[in-house]
Every structure is written in structure tokens, then in C-alpha cells.
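**Student:** Take a look at this one; I'll ask things after.
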Amino acid sequence: MDKRAEESPEGVSRRHFLKGAGAAAAVVTVAKIPSVVDAGHEVSDDPVILGPGSIPITLKVNGVSREIEAPPSTTLLDMLREYHRLTGTKRVCDRGSCGACTVLLDGRIVDSCSMLAIDAVGREITTVEGIGTPQNLTDLQQAFVEKDALQCGFCTPGMVVSCTALLNQNPTPDRDQIRQGIAGNICRCGTYQNIIEAVEHASRKGGK
Amino acid sequence: MRQFKVALPNSIEQASALQKSVDVPFIAGGTDLLARIKEYIDTPDLVVDLKRIEGLGEITSTGQGIRIGALVTMDDVATNRLVAEGFPALVETIGNAATPQIRNMATIGGNICQKPRCWYLRHEGYSCAKNGGSGCWAREGENEFHAIFGNQVCAVTHPSNMAPVLVAYGASIEIQSSESKSSDGTLEKRQVEAEQFFLTPEQDPTREVALKPGEIVTAVLLPAKNRTDQWSYAEAREKQSFDWAQASVTVLYQRGGRSGDHRVILGAVSPAPLRRADLEEIIGSRALDADCIQALQEKIGEGAHPLSQNGYKVPMLRGLMAKAIRNLNGEKKEG
């Protein structure tokens, strides 16, 4: 994206201002979350009860582990956007019906709005920020550009994540398999045809 | 979203003991519960997260059949070799459900315990028989997708695509609770046949499944004896993704069998999956020909009481019934 488009004349971008204002105040640590790996090896009879206030939550996002404090009731989507400041993952329906919030969890697509962040502890999370960069697009992202596979662009991060997962699992999908692969992603502009062509194009290039 | 505490039990006993009232919900995949909390339909102060309990995430062969742990995701059920070999109708019905993302998250235990999708029930402003009040708004209101059978007390349809297929296969639901321990201190396992697990509003309008407070679904058990069946699953829905069936017909057919050997289960037309012994009787030991299809079509609407907007479900069922029988015959599969 052209950087100027995001920045105000004063040099403070709307997005960065909002991010700063939204930063949570420091809250007392309540308890550590047992990771999935640790489960079952604890002998205590009383289960860990977290919250409702903030607790440290360590997530591995795009290969980097970070501990950030947030309430245990935080969804993975809100954790990524509001706390990790990764705003590529979009919030649209917030009910698991549109796919704009799609991320990879251990390589499989999930709606990040419909799960708790604490249930992603110990797992590999990949957001659209972890798939290519503006300077180094993946073949699929380049194909989205070349095939004009977006209009307003709001569904695009989720589409890219879903199509990346599809090509990882099946490098040569047919049209029906592509349709199945993006069945959980809604494009309100109706650009499906170009998205399907972009996936076919990336597939022919042998890329992902 | 409203904030709440989250308990992380590491055993079924811990989780069960925590659920002291129905206001403390369990969370597994989260796809249904979190949406209800966001809509203020459920306002729990504490949610019990089942994800860290070991032993609930595997599909295993038991000798008598297969055991699907309650935390196995829908996609892992649908892509499992044991399931595909023995229970192909389950693979078919899961493939039609929700979206790829949801199928990677939602668990089989949560799927069979999800709340119905009635828009009155899922609106914080309506009180009805199902949430502790009285009456059913859908009966006189907007009821296009509601039940045509068994809808006098409450007209919800059962939302699980899998449920009618589980009933057809004679599945059992394995349930455990901290209340019932055997002499060595381990939790006893109660088994309820799927047909009895799903409750009708006449049995109890406030519950969809036969779980008491503190009881947890730990597995779905599928008996091996159905492996030779021919099967067919036909459904209709308005949209091919993130939607619920308007009607479905599951048929298991035992070649050379008699009426009691077949299964005909209707889905999405009643508050609980609807087994139709009268249709199984018609199939009986006769040829699956045009006469058989006609007899089934004449019978299938019997007992239906359509509401103002859902009368279309009766002819829809007739069409699905014919499609299901033709697909059983090995004719080209219709989509």
C-alpha cells in the first residue's frame, strides 16, 4: 500500500493513533496458562481459573512468540488486531460466517473471531502478514494483483490465507476444489471469478 | 464481547464438578457458544474450556466399532479412514455443513450439543418455551425454516447435519460425570443411543439433549454392524456454504433385509432427528422401483403440520426421498 494513503498531513497515521489509544493499561498478572503440551501432567485437583481481568498470553504468530496481557475471554481475532497490532486480519461479521478473519492454525484455516486466543497457545498461528510482504509477494499474491482478484479489498486477506492453505494441501486444484476451498470466504463485491482465476494462475506457476 | 472467566480443567472430573449450574457452559470449538455470548443470549461469568482434557481427541477402533472422541473436529471426522470405510454418510453430511474454517474448529461433541438456530431463540428480546418462558413465536411469526413435524410446543429444527446420520447408524453417545464413579474411583461411562439423546420439546422444551448438569459428552460410538449397508443422503439448502439444511433424508438400506433392518431418518424438519419406521416398513423387502418411490412419497408428509411459511418442506421431502432411493440404486449420484 502507498504509505501516504495511510498517513495524515501531520505525519500521524489514523491507524497508528488508534493503535496507541487502544493499548491496554497494565493489569495484575493472575495466572499462567498451562500450554496444551503441559495438559494432563498437573497433579492439582483444582483447575486453573483465569480472569476475568488480563493475564499473560503467549502466542506464536508468524514464527515469533510474544507474551501479551489480555483478558482470557479475548477472541483470537481481537488478540491479533488489538493486542498484537496485526490488522491485516479483518473483522467483519465476527460470527464465523464471512471468513474475513481467516488465519492458519497449525496450517489449517480457522475463523479467528470464533475461538479464544488462549486456545491458540502452543500452536503455530499464521496471519496474512506472515504470507509474503509488499516487496516480496508470494506467487498467489502476485496472481491476485495480475488477475485483478479484488475490488474493495476487505475480503482479500482472508481469501489469500484460505487460498494459500488450499495450494499447500493441493497444488493443482480444479475449479470445483477452488470453490470448495473458498467456500468459507464471502466477497461482497462478487470477485469470485477473478479469485478462482488467480488461484489457477498461481497453481500453473507452481507457486503458493 | 462481555468478559468472563475461563476455567482450564485437565480432567473430565474437574470439568464436570465445575458445571454446578447450566449457567456455566462448556466450550470446545467455540463456534456456537462465542456467537451466543456476543449476542447476549448467554451471559456466563465463567466458561469451562474442555480443550486441555486428554483422551478426547482421537478416533480409535474398538472392536465393536469406532470411538470418536468428543473433541475431534468435524474435518478430522470427515477425513478419517475408519469413518470413510464404515460410515460414508457421515462424511457426506459433514462435507455439506458450515464452512471449511468452521469444520476445522467445531468438534463432534459440540456439534451434537449446539443450540438450535431459531431466530427468536437467538434474539435477546424474545422469551419462549425454550428459554424458560412460554409459547413459541415462530408458530405465528416468521417460520420459513422451522419444523413441520412435532412443532406444537416449539418449532425449532435440529441444527446438526450429523445428528440424523448418527441416529441412522445407531450411534451411541458416551457421557461421563463426576457424580458417578466406580469403586476404583474412575468415572463411569454412561451410553445413550443417539435416538434417545436428542430430546423433543414435549420431553423437555429447555433442553435439546439428554444431559444433566455436570454431564459431559466424551465420545460418539459408531457400531461396526452397519458396514455392509448401502447408504444415501440427500439434503436441500438455500445456499451451499454457511447455511443449514432445510430438509434432509438419510437412508441406510440392508440388501436382502426386512423393514426393521433399514433406516429412514428425516433431518431439519423437526426439533429432533425424525426416524420414520413407517417409511422403513414401505421399503421392507420390496424392489426399489418407481412404485416404491411413489409409495414413500405419498407417505412422507403424513403427520406434518406445516406453519404459514414452511409448507414447501413437504414437497421438498418428497423430492429428497426419491433422490435418496435413486442414489441407493446406484444410479448416477445427483448433487
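The values are calculated or read from the model by the stated rules, or taken from the named source; none is laboratory data. Remember, it's a predicted structure, so these values are computed and weren't measured experimentally. Every residue, glycine among them, receives a Cβ derived from its backbone with ideal geometry; neighbour counts consider all protein chains shown. Heads up: the accessible areas ignore ligands, DNA and RNA and are worked out on the full protein's heavy atoms, side chains in. Shrake-Rupley method; radii C 1.70, N 1.55, O 1.52, S 1.80 Å.
**Student:** Convert each backbone phi in segment B:57-65 into a coupling constant with the Karplus relation 6.51 cos²θ - 1.76 cosθ + 1.60 (shift: θ = phi - 60°), then list the ³J(HN,Hα) values in order as whole Hz, x for Gly and Pro.
**Tutor:** Running phi through 6.51 cos²θ - 1.76 cosθ + 1.60 with θ = phi - 60° gives x, 10, 10, 10, 8, 10, x, 8, x Hz.
**Student:** Could you provide, to the nearest whole Å², the per residue accessible area of the protein assembly as shown with probe 1.4 Å?
**Tutor:** It amounts to 44 Å² per residue over the protein assembly as shown.
**Student:** Any idea what log10 I(q)/I(0) is at q = 0.11 Å⁻¹ for segment B:120-188, Debye with uniform C-alpha scatterers and no solvent?
**Tutor:** Log10 of I(q)/I(0), two decimals: -0.49.
**Student:** In whole Hz, with x marking every Gly and Pro, tabulate ³J(HN,Hα) for segment B:188-202 from phi via Karplus 6.51 cos²θ - 1.76 cosθ + 1.60, θ = phi - 60°.
**Tutor:** Calculated HN-Hα couplings, in order: 6, 9, 9, 10, 10, 4, 3, 4, 8, 5, 7, 8, 8, x, 5 Hz.
**Student:** Mind listing the long-range amide H neighbours of residue A:103? Cut-off is under 5 Å, sequence gap 5 or more, other chains count too, H placed in the peptide plane at 1.01 Å from N.
**Tutor:** A:110, A:112
**Student:** Here is a follow-up. Can you give me the long-range amide H partners of residue B:133? Hydrogens built in the peptide plane at 1.01 Å from N, cutoff under 5 Å, separation of 5 or more residues or another chain.
**Tutor:** Distant-sequence amide H within range of residue B:133: B:128.
**Student:** For the protein assembly as shown, what is the percent of antiparallel DSSP beta bridges, rounded to the nearest 5?
**Tutor:** Antiparallel bridges: around 90 percent, rounded to the nearest 5.
**Student:** Could you tell me what a quarter of the Cα convex hull surface of the protein assembly as shown works out to, in nm² with one decimal place?
**Tutor:** Seen from a random direction, the Cα hull of the protein assembly as shown projects 27.3 nm² on average.
**Student:** Compute the projected area of the convex hull of the Cα atoms of segment A:139-204, averaged over all viewing directions, and report it in nm² to one decimal place.
**Tutor:** 3.6 nm²
**Student:** Given a 1.4 Å probe and the protein chains all in place, what does the accessible area of residue B:145 round to, in Å² to the nearest 10?
**Tutor:** Only protein atoms counted, so the area is about 70 Å².
**Student:** Let me ask something else. In whole Hz, what ³J(HN,Hα) sequence does segment A:52-66 give by Karplus (6.51, -1.76, 1.60; θ = phi - 60°), x for Gly and Pro?
**Tutor:** Karplus-based 3J(HN,Hα) across segment A:52-66 equals x, x, 5, 9, x, 10, 9, 10, 9, 10, 6, x, 10, 8, 9 Hz.
**Student:** When the accessible area of chain B is computed with all protein chains present and a 1.4 Å probe, what percentage of it is carbon and sulfur?
**Tutor:** Percent of accessible area from carbon and sulfur atoms in chain B: 47.
**Student:** Could I ask something else about it? Any idea what angle helix B:290-300 forms with the longest principal axis of chain B, computed on alpha-carbon atoms, 0 to 90 degrees, nearest 10?
**Tutor:** Here the helix axis deviates by roughly 40 degrees.
**Student:** Determine by what factor the alpha-carbon radius of gyration of segment A:114-174 differs from 2.2 N^0.38 Å, reporting the quotient.
**Tutor:** For segment A:114-174, the normalised Cα radius of gyration is 1.27.
**Student:** Check residue B:193: other-chain or 5+ apart residues with amide H under 5 Å from its amide H, H built from backbone geometry?
**Tutor:** B:173
**Student:** Chain B: longest stretch without exposed GluC sites (Glu not before Pro) (DSSP loop, at most 16 other Cβ within 10 Å), sites themselves excluded?
**Tutor:** Answer from the scan: B:59-123.
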